[in-house]
1. What's the number of the condition ALA84 fails, among (1) open to solvent by less than 20 Å² (accessible area, probe 1.4 Å); (2) within 12 Å of the chain's Cα centre (by Cα)?
2. Could you count how many residues in the range 39-65 are open to solvent by less than 50 Å² (accessible area, probe 1.4 Å), closer than 21 Å to VAL17 by Cα and without any contact (Cβ under 8 Å) to a residue 40 or more places away in the chain?
3. What single numbered condition from (1) hydroxyl-bearing (Ser, Thr, Tyr); (2) open to solvent by 40 Å² or more (accessible area, probe 1.4 Å); (3) touching a His at 6+ places or on another chain (Cβ under 7 Å) fails to hold for SER68?
4. For the range 1-32: of the residues being in contact (Cβ under 8 Å) with a residue 40 or more places away in the chain and among the aliphatic types (A, V, I, L, M), which is surrounded by the fewest Cβ atoms within 10 Å (Cβ to Cβ)?
5. Looking only at residues in the range 87-116 that are under 24 Å from GLY15 (Cα atoms) and open to solvent by 80 Å² or more (accessible area, probe 1.4 Å), which one is modelled with the lowest pLDDT?
Amino acid sequence: MTADDFREIALGLEGVVERAHMGHPDFRANGRIFASLSANEEWGVVKLMPEEQKEFLRSHAKVFLPASGAWGRQGWTQIRLDAADRASARSALVLAWQNIHQKPAARPRKRRPRST
């Protein structure tokens, strides 16, 4: 699995756009981030439900691991791309996309005026 494979799967899902956040690519549906790539593109990250995350950690321990701290406890899950197969990465991406796709669209944030 490569970063390009991850990107291809994510962008193949309905309504997904690629943007950037904090120096790395992310993937959004309904205005919400559901997946991203690390800046060096060695890791993918998906937002799973905690129960889904536990299942991926159990069944693919060498591929999936929780993100650190509160992010991981909320379901954000890292995917070691060089160890992942396309089927398991695709399953995780689809679940993350479905979880976001079911939520209402994110409201645009108000921009704060810049101080001069």
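The values are calculated or read from the model by the stated rules, or taken from the named source; none is laboratory data. Computed from a predicted structure; not experimentally measured. For neighbour counting, all protein chains shown are included, and Cβ atoms are generated from backbone atoms with ideal geometry for every residue, glycine included. Each accessible area value is taken on the protein alone, full model and side chains, heavy atoms only, with ligands, DNA and RNA left out. Shrake-Rupley method; radii C 1.70, N 1.55, O 1.52, S 1.80 Å.
1. Result: ALA84 fails condition (2) only.
2. 1
3. If we test SER68 against (1) hydroxyl-bearing (Ser, Thr, Tyr); (2) open to solvent by 40 Å² or more (accessible area, probe 1.4 Å); (3) touching a His at 6+ places or on another chain (Cβ under 7 Å), just (3) comes out false.
4. ALA3
5. From the range 87-116, those under 24 Å from GLY15 (Cα atoms) are 87-110; that's our starting set.
Retained after the next criterion (residues that are open to solvent by 80 Å² or more (accessible area, probe 1.4 Å)): 90, 102-104, 107-110.
Numbers: ARG90: 98, GLN102: 76, LYS103: 69, PRO104: 67, ARG107: 66, PRO108: 65, ARG109: 60, LYS110: 64.
Out of the qualifying residues, it is ARG109.
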